[in-house]
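Below is one structure, written out as structure tokens; the observations come after it.
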Number of protein chains: 2
Amino acid sequence: MRLAARPSGLPAPTDWELTAEPVSEPADGRLLVEVSHISLDPAMRGWMNDVRSYIPPVRIGEVMRAGAIGRVLASRHPDFAVGDHVFGRFGVQEYAETDGEGVRRVDLGIAPPETHLGVLGATGLTAYFGLFDIGRPQPGQTVLVSGAAGAVGSVVGQLAKLEGCRAVGIAGGPDKCRTLTEEFGFDAAVDYKNDDVPAALRKHCPDGVDVFFDNVGGTILDAALTRLARGARVIVCGAISQYNNTEPAPGPSNYLSLLVNRASMTGMVVFDYADRYPEATAELAGWLADGRLRAREDVVEGDVTAFPETLLRLFTGANTGKLVLRIR
Amino acid sequence: MRLAARPSGLPAPTDWELTAEPVSEPADGRLLVEVSHISLDPAMRGWMNDVRSYIPPVRIGEVMRAGAIGRVLASRHPDFAVGDHVFGRFGVQEYAETDGEGVRRVDLGIAPPETHLGVLGATGLTAYFGLFDIGRPQPGQTVLVSGAAGAVGSVVGQLAKLEGCRAVGIAGGPDKCRTLTEEFGFDAAVDYKNDDVPAALRKHCPDGVDVFFDNVGGTILDAALTRLARGARVIVCGAISQYNNTEPAPGPSNYLSLLVNRASMTGMVVFDYADRYPEATAELAGWLADGRLRAREDVVEGDVTAFPETLLRLFTGANTGKLVLRIR
């Protein structure tokens with residue numbers, strides 16, 4: 001699936017083009033992968049814009065960038081053998097031919113492919129490094145998470161609980177909010193579609209918010225800023241409420257709360273922590289194995305033609321947990 | 001000079017009330033000070049609003065809060081003798097009777113009173129701790145300062161140069177900009193009243209901005225955010241462009257630059273560093289003594305009735321350097 005045009009607002013069917021090419025045998029030092037599971041992430045929307053960002057935009061005509069898992073069909077690469085299950089940035093396609101850069105084997109004995117894209121993939125690592133390295137929560141502190149029923153948010157809340165914190169999540173609708181408290185162990189949930197968010201934050205964060213992990217931006221960020229505790233840390237992980245804006249969105253008008261509360265707001269991109277992925281993944285896998293961390297994925301079955309419509313689920317709030325397209 | 005009403009927008013004459021009371025002899029453990037120099041600071045505008053902030057608001061009917069310098073007229077306090085020159089939060093009044101809390105002697109042998117309110121006072125300390133503790137500039141990095149011709153900004157730029165950084169200042173009008181480069185040693189100045197600020201920042205900060213010390217907020221903050229270097233630190237010291245707004249101001253719409261550049265934005269209040277004032281003041285005094293740091297004050301002569309009008313100079317951009325009211 002190739003990017004055909006730069007979207008304005010939500011990506012439209014005409015922004016994509018499906019092409020078919022013959023699959024070739026890999027050259028020396030390369031391997032061929034049959035893709036089985038594709039990761040869908042809010043950040044993908046940003047990669048489709050022609051702006052300077054933390055990663056170059058996907059070019060028009062290029063296969064859409066995506067993390068994925070697949071099986072090695074043919075290999076002339078010393079590190080990979082036929083039949084290996086591997087993760088890589090294989091893109092939205094059925095077969096990927098690659099030099100192996102950024103490709104790593106995944107152990108399906110410890111978790112299924114979708115979990116390797118979720119809790120044990122960039123999703124879990126984003127939660128881990130954002131919360132622990134930038135948020136630096138202390139036991140007893142209050143950690144607030146927006147997009148809390150999403151892939152990253154649901155892990156952040158669970159990690160906060162493991163750290164002995166009070167975890168409060170913001171999500172859309174009573175079902176997601178119930179999932180937060182009943183499945184992921186959040187102490188409280190705020191339904192931004194039905195609750196008065198500032199009032200709910202006053203109620204559920206009576207001592208203020210020590211760490212705010214923001215995936216959403218917009219009015220949610222502004223409301224959270226009014227509740228910061230002294231010395232609070234805000235992690236700017238994403239702003240899904242703004243990704244499909246067609247006009248510049250207003251910024252957080254309450255940012256002077258940072259001054260009043262001597263707080264900080266810090267951007268994070270998980271790729272910066274690549275050299276620490278192994279230690280973090282091992283720790284996440286340990287928690288997963290002993291049941292202290294729950295993985296939840298929203299697996300859509302289809303072929304690559306289902307990608308455009310599946311991607312929209314992220315922006316309409318349809319998914320809970322990690323969204324994965326499983327290629328039939 | 002007492003606060004008579006909460007201002008809406010710029011403080012009006014009717015927001016103030018001058019009262020006269022007899023001066024009494026100090027009781028045991030207290031002292032009487034004749035105030036000679038009053039510090040005028042943008043933050044005063046915030047203290048006049050009835051909102052939760054880093055310090056309680058000035059109450060209606062209360063003497064306006066102000067740092068000031070004066071001479072001890074009478075003392076029954078063991079630490080202070082008649083004739084001592086002292087700094088304290090004496091307020092906008094001719095005589096202050098105090099228990100000595102927060103009062104310290106100042107040495108007029110090393111600098112005149114106005115400099116003890118400026119470079120050697122909260123002004124210089126704000127620049128020092130904001131730049132060094134939060135900004136953490138490295139030699140060769142670019143430090144951008146807004147409100148650069150103001151009391152704090154002019155010190156920030158000079159400290160950045162002492163640290164081996166490139167210092168770029170933003171100020172209003174060609175005279176102030178000339179002062180930045182010719183008097184304070186900035187490498188470049190941006191005139192926000194006449195220049196295309198984003199274009200000027202591209203020109204003068206070709207490698208991006210590593211540290212942005214913001215005193216101004218608003219569109220200047222937004223423009224600076226577009227120029228952040230990877231890992232940049234933004235110090236939120238103030239937002240003078242917004243203090244007299246009567247409606248909520250839009251926030252920095254480019255805040256996602258923090259994410260793209262893995263940058264941070266951190267609020268600071270100088271009072272938090274009180275236990276380190278002596279070391280910092282000594283260092284600033286040393287630089288002042290050997291000529292590496294220049295103090296510039298804008299001293300208005302008058303009695304306390306001149307305070308309301310003098311305060312407005314901060315918001316109309318009339319002053320360069322530290323604004324001080326000298327009581328005749």
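The values are calculated or read from the model by the stated rules, or taken from the named source; none is laboratory data. These numbers come from a predicted model, not from an experiment. Using ideal geometry, Cβ is built from the backbone for each residue, glycine included, and neighbour counts are taken over all protein chains shown. The accessibility values were calculated without ligands, DNA or RNA, using every heavy atom of the protein model including side chains. Shrake-Rupley method; radii C 1.70, N 1.55, O 1.52, S 1.80 Å.
Looking across A:Arg76, A:Arg89, A:Arg65, one residue alone is more than 19 Å from A:Ser39 (Cα to Cα), in contact (Cβ under 8 Å) with a residue 24 or more places away in the chain and charged (D, E, K, R). It is A:Arg76. Cβ-Cβ distances below 7 Å connect the following pairs, each with a first residue in the range A:250-262 that is facing chain B (nearest Cβ under 7 Å) and basic (Lys, Arg), a second residue that is open to solvent by less than 40 Å² (accessible area, probe 1.4 Å) and outside any loop (DSSP other than H, G, I, E, B), and a separation of six or more residues or different chains: A:Arg262/A:Gly231; A:Arg262/B:Gly267.
Checking the range A:10-20 against the condition returns no match, with no residue being under 21 Å from the mean Cα position of the chain (by Cα), assigned to a loop (DSSP other than H, G, I, E, B) and farther than 16 Å from A:Asn245 by Cα.
Among the residues of the range B:199-214, those identified as among the acidic types (Asp, Glu) and either more than 21 Å from the chain's Cα centre (by Cα) or more than 13 Å from every other protein chain (Cβ to nearest Cβ) (or both) are B:Asp207, B:Asp210. Within the range A:281-296, is even one residue assigned to a strand (DSSP E or B) and among the basic types (Lys, Arg)? No: the range A:281-296 contains no residue that is assigned to a strand (DSSP E or B) and among the basic types (Lys, Arg). Annotation: A:Glu25 fulfils all but one of (1) farther than 15 Å from A:Arg6 by Cα; (2) surrounded by 17 or more Cβ atoms within 10 Å (Cβ to Cβ); the unmet one is (2). In the set (1) buried (at least 20 other Cβ atoms within 10 Å of the Cβ); (2) more than 7 Å from every other protein chain (Cβ to nearest Cβ); (3) out of contact with any Gly (no Cβ under 7 Å at 6 or more places or on another chain), the condition left unmet by B:Glu247 is number (1). Per this entry, B:Pro308 is not counted among residues that are assigned to a helix (DSSP H, G or I) and open to solvent by 60 Å² or more (accessible area, probe 1.4 Å).
For beta carbons closer than 7 Å, sequence separation of 6+ or different chains, a first residue in the range B:115-131 that is modelled with pLDDT of 95 or more and a second that is of a type in the set (Gly, Ala, Ser) and assigned to a helix (DSSP H, G or I), the qualifying pairs are B:Gly118/B:Gly124; B:Gly118/B:Ala151; B:Leu120/B:Ala285; B:Thr123/B:Ala151; B:Leu125/B:Ala280; B:Tyr128/B:Ala280; B:Phe129/B:Ala280; B:Leu131/B:Ala160. Taking the criterion of being outside any loop (DSSP other than H, G, I, E, B), more than 10 Å from every other protein chain (Cβ to nearest Cβ) and touching a Gly at 6+ places or on another chain (Cβ under 9 Å), the residues of the range B:215-234 that qualify are B:Ile220, B:Ala229. Scanning the range B:269-286 turns up one or more residues that are within 7 Å of chain A (Cβ to nearest Cβ) and either surrounded by fewer than 18 Cβ atoms within 10 Å (Cβ to Cβ) or farther than 23 Å from A:Val260 by Cα (or both).
Applying the set (1) open to solvent by less than 40 Å² (accessible area, probe 1.4 Å); (2) on the phi < 0 side of the Ramachandran plot; (3) not assigned by TED's automatic domain parsing to the domain that holds B:Ala318 to B:Ala96 leaves exactly one unmet item: (3).
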